[in-house]
């Protein structure tokens, strides 16, 4: 990995498991200073301790990305610890998929609050600091569901289409801040553990028979970060080879 990653301060939401955890571990191995955010502080504490035991630099703070003040406090914490913020990885997300006529409106609200507003809150908290620094990198996790829609996943896909649109719009507005969209295919993570519809849960279980590891997505994130400062990798889509012919 390029030495341009070394010593960068990288903030990661959704860092208590899955893609966020794998990315934190990989970047810390490369010399980045990682700041982990999620709601489960017991998990964050364990991951940070393991990173430190292997010679890495890691801090953590509880954050609910749907709460704007929480995310602002998370970014402020990182700035106070390390003096700057080089990368904001807005990775937290949920996927309680279900048919539209199940009318799981509370789950719709939760996906909008975390998947869309959570990304906006991360941008709002990090962007002013990055603009003041004259540099920075915002990375947002979308999904292959930002490129195709499947039954039972309409609202989830809608939130990821929104993330894709927000990310591209931000990229077009920036001239010093790099902006990257990461669109993972089906990955073995806790995403979808909150599905309450049996049909959607069964469909996801089938897809996960040939899914990616979180490390595959972490490597994609690391690739985008490691590019020279004048290179912006605007989007990476990562799918399992066996997903050929499938929307997800």
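The values are calculated or read from the model by the stated rules, or taken from the named source; none is laboratory data. All figures in this text were calculated on a predicted structure; none of them were measured in a lab. Please note: Cβ atoms are built from the backbone with ideal geometry, for glycine as well, and neighbour counts cover all protein chains shown.
For the reader, a short list of remarks on this structure follows.
- Any strands (runs of 3 or more DSSP E) falling wholly within segment 1-77 and containing at least 2 residues that are within 18 Å of the chain's Cα centre (by Cα) and touching a residue at least 60 places away in the same chain (Cβ under 8 Å): 9-13
- The residues of segment 59-99 that are surrounded by fewer than 18 Cβ atoms within 10 Å (Cβ to Cβ), touching a helix residue (DSSP H, G or I) at 6+ places or on another chain (Cβ under 6 Å) and over 19 Å from residue 138 (Cα atoms) amount to a single one, 62.
- The requirement of being assigned to a loop (DSSP other than H, G, I, E, B), at pLDDT 85 or above and surrounded by fewer than 22 Cβ atoms within 10 Å (Cβ to Cβ) is fulfilled somewhere in segment 201-224, by at least one residue.
- Applying the set (1) at pLDDT 95 or above; (2) under 23 Å from residue 172 (Cβ atoms); (3) in a helix (DSSP H, G or I) to residue 138 leaves exactly one unmet item: (3).
- Here residue 4 clears all of (1) within 18 Å of residue 138 (Cα to Cα); (2) modelled with pLDDT of 95 or more; (3) touching a helix residue (DSSP H, G or I) at 6+ places or on another chain (Cβ under 8 Å) except the condition numbered (2).
- For residue 145, the criteria (1) under 21 Å from residue 239 (Cα atoms); (2) part of a helix (DSSP H, G or I); (3) touching a strand residue (DSSP E or B) at 6+ places or on another chain (Cβ under 6 Å) hold in every case but one, which is (3).
- For residue 179, the criteria (1) in a helix (DSSP H, G or I); (2) at pLDDT 95 or above hold in every case but one, which is (1).
- Filter pass, residue 120 being farther than 20 Å from residue 182 by Cβ and either surrounded by 23 or more Cβ atoms within 10 Å (Cβ to Cβ) or at pLDDT 95 or above (or both): no
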